[in-house]
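Only one structure is covered here, and it is reproduced in the block below.
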Amino acid sequence: NKLKAEADSLITQAQEQFAKAVALKDDYTPAHFNQVLAFELQGNIDAAIDKLLRIREFNPQDIDVLYELGTLYAGKNENDKAIAAFSTIAELVPNHANAHYSLGVLYERIGDTAKALQEFNKVLETNTNNQQVLDKINALNNPKPSENTEPAG
């Protein structure tokens, strides 16, 4: 508990410093982004998302902001918003393996196996021996029967 209280105090102090930096230069993305990370550490995901959306207003193509936004949306199971964020990254940087991997995971989550496979295969274009991706593709191509499924007959 003592360590958590100390960490919370340090995060609050950091937030104050980031706020001062933003007050001096409103479009200073690193200060805004660090505020997002502090909100995330505090468990205030909605504030982090709101802040990321405001950052995008003055830098709509910032890949790091989009990636963090997509990650936070995915964590909240706001799959459509997460897919939109990662898709924007993939449009801006077609070989962004992490964006394609995240899209694959999201499509797998919503049950769109064809799109998931398409995204995982895009990852393999630049990471040919990525065992994690190869395992994902294998699992999607060879699904295990559900334990709850009754045998036919």
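The values are calculated or read from the model by the stated rules, or taken from the named source; none is laboratory data. The model shown is predicted, which means the values in this text are computed figures rather than measured ones. Cβ sites come from the backbone with ideal geometry, for glycine too, and all protein chains shown count toward neighbours. Remember, those area values only see protein heavy atoms, side chains included, never the ligands or the DNA or RNA. Shrake-Rupley method; radii C 1.70, N 1.55, O 1.52, S 1.80 Å.
Consider Lys76 carefully, then state whether it is more than 13 Å from the chain's Cα centre (by Cα) and not hydrophobic (A, V, I, L, M, F, W, C). No: the conditions fail for Lys76.
Among the residues of the stretch 51-80, just one is in a helix (DSSP H, G or I), free of Cβ contacts under 8 Å to residues at least 12 places away in the same chain and farther than 21 Å from Thr29 by Cα, namely Asp80. Scanning the stretch 65-99 for residues that are under 28 Å from Ala7 (Cβ atoms), charged (D, E, K, R) and surrounded by 14 or more Cβ atoms within 10 Å (Cβ to Cβ) yields Glu68, Glu78.
If you go through the stretch 27-50, how many residues are outside any helix (DSSP H, G or I) and out of contact with any helix residue (DSSP H, G or I) (no Cβ under 8 Å at 6 or more places or on another chain)?
Residues meeting the conditions: 2.
Restricting attention to the stretch 100-123 and to residues that are hydrophobic (A, V, I, L, M, F, W, C) and open to solvent by 20 Å² or more (accessible area, probe 1.4 Å), the residue that is nearest to Ile137 (Cα to Cα) turns out to be Leu117. Pairs meeting the criteria (first residue in the stretch 25-50 and free of Cβ contacts under 8 Å to residues at least 24 places away in the same chain, second residue in a loop (DSSP other than H, G, I, E, B) and basic (Lys, Arg), beta carbons under 9 Å, at least 6 apart or on different chains) are Ala31/Lys25; Asp46/Lys76. Within the stretch 1-43, the set of residues being open to solvent by 70 Å² or more (accessible area, probe 1.4 Å) and either of a type in the set (A, V, I, L, M) or under 23 Å from the mean Cα position of the chain (by Cα) (or both) comprises Leu3, Leu10, Ala23, Leu24, Asp27, Tyr28, Leu41, Gln42.
If the condition is being in contact with a Phe, Trp or Tyr (Cβ under 8 Å, 6 or more places away or on another chain) and under 18 Å from Gln15 (Cβ atoms), then the stretch 66-90 contributes only Glu68.
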